[in-house]
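The values are calculated or read from the model by the stated rules, or taken from the named source; none is laboratory data. In this text the structure is predicted, and so the values were computed from the model without any measurement. For neighbour counting, all protein chains shown are included, and Cβ atoms are generated from backbone atoms with ideal geometry for every residue, glycine included. The area values use the complete protein model at the heavy-atom level, side chains included, leaving out ligands, DNA and RNA. Shrake-Rupley method; radii C 1.70, N 1.55, O 1.52, S 1.80 Å.
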Amino acid sequence: QVQLVESGGGLVQPGGSLRLSCAANGIAFRFYNMDWYRQAPGKQRELVAHISSGGNTNYADSVKGRFTISRDNAKNTVYLQMNSLQPEDTAVYSCNAGAFGDQYWGRGTQVTVSS
């Protein structure tokens, strides 16, 4: 059974930082491209950051220079380091694993940026 489990969300003040984790089970993690998405209330889900199986990364313009995606294949985990958080970063953040025509999603973790 495939499971993607996100953790690390919470409430943070503007300017603060959080590190999200997504632990994968049931897949050959090192072969999968991994993405972080977010969805704010009333808005469409958007791709925030991507890391390929080979370690190449891409970011949404809105988070470039503030967010960093990384992966640890030994731990079957992908991370999203989020710095200089702003209220507009408030959303449910979900990870996605894709390879071999398959797509798997985690249930998400809430990030709230507020003073």
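Scanning the range 59-101 for residues that are open to solvent by 60 Å² or more (accessible area, probe 1.4 Å) and either within 23 Å of GLN1 (Cβ to Cβ) or of a type in the set (Lys, Arg) (or both) yields LYS64, ASN73, ALA74, LYS75, PHE100, GLY101.
Conditions tested, residue by residue: (1) modelled with pLDDT of 95 or more; (2) in contact with a Gly (Cβ under 6 Å, 6 or more places away or on another chain); (3) β-branched (Val, Ile, Thr).
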| residue | (1), (2), (3) |
| --- | --- |
| ALA74 | yes, no, no |
| TYR79 | yes, no, no |
| CYS95 | yes, yes, no |
| ASP102 | no, no, no |
| GLY106 | yes, no, no |
| GLN110 | yes, yes, no |
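Comparison of ASN58, ASN76 shows that the only residue that is on the phi < 0 side of the Ramachandran plot and either under 12 Å from the mean Cα position of the chain (by Cα) or not basic (Lys, Arg) (or both) is ASN58. Scanning the range 1-34 for residues that are part of a strand (DSSP E or B), under 14 Å from ASN76 (Cβ atoms), open to solvent by less than 30 Å² (accessible area, probe 1.4 Å) and not small (Gly, Ala, Ser) yields LEU4, GLU6, CYS22, MET34.
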